[in-house]
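Take a look at the structure set out below.
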Amino acid sequence: LTFDPEVSGSSSHFPFQMNSETGSLTVAAPLDCESTSSFVFIVTASDQAERQHERKQAEVTVQLFLLDMNDNRPVFVSADRVQLMEDAEVGSLVHQFVAIDGDQGENG
């Protein structure tokens, strides 16, 4: 078995290794769904016919999708200081707090 990580377009940052004898794909570097959420690569299997020109092979294009974890904390993007006139009317808006989170979906 062999694999070609260049289909992803970033083989130098491909965070997986594959054992050519067992076919086991293992994580070889830290993963971060927010920076790269999916990988595409080709895995090729070849038989071991004695004559090389008689060898047969098959390949599959693999799409691997990372699932997001709740690994980022929210960050406030609104001002952290508020000034208010003492004669502000009851019920008037004082400030609107806004925070963003780098996680996706229900983790964001």
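Are any of the residues in region 42-56 hydroxyl-bearing (Ser, Thr, Tyr) and farther than 30 Å from residue 2 by Cβ?
no
Can residue 75 be described as assigned by the TED database to the domain that holds residue 103 and touching a residue at least 12 places away in the same chain (Cβ under 8 Å)? So that I can check it myself, show each step before the final result.
On the way: assigned by the TED database to the domain that holds residue 103: yes; touching a residue at least 12 places away in the same chain (Cβ under 8 Å): yes.
Yes, satisfied.
Please verify whether region 80-87 includes one or more residues that are in a loop (DSSP other than H, G, I, E, B), in the same structural domain as residue 18 (by the TED database) and of a type outside the set (Asp, Glu).
The answer is no; no qualifying residue exists.
Okay, residues lined up against (1) touching an Asp or Glu at 6+ places or on another chain (Cβ under 9 Å); (2) open to solvent by less than 90 Å² (accessible area, probe 1.4 Å):
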position: 18; (1), (2): no, yes
position: 26; (1), (2): no, yes
position: 43; (1), (2): yes, yes
position: 46; (1), (2): no, yes
position: 51; (1), (2): no, no
position: 69; (1), (2): yes, no
position: 76; (1), (2): no, no
position: 82; (1), (2): no, yes
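What is the number of the single condition among (1) assigned by the TED database to the domain that holds residue 17; (2) at pLDDT 90 or above; (3) more than 39 Å from the chain's Cα centre (by Cα) that residue 90 does not meet?
(1)
The values are calculated or read from the model by the stated rules, or taken from the named source; none is laboratory data. As the structure is a computational prediction, the values presented were derived from the model and not from experiment. All Cβ positions, glycine included, derive from the backbone under ideal geometry; neighbour counts span all protein chains shown. SASA here: full protein model, heavy atoms, side chains in, ligands and nucleic acids out. Shrake-Rupley method; radii C 1.70, N 1.55, O 1.52, S 1.80 Å.
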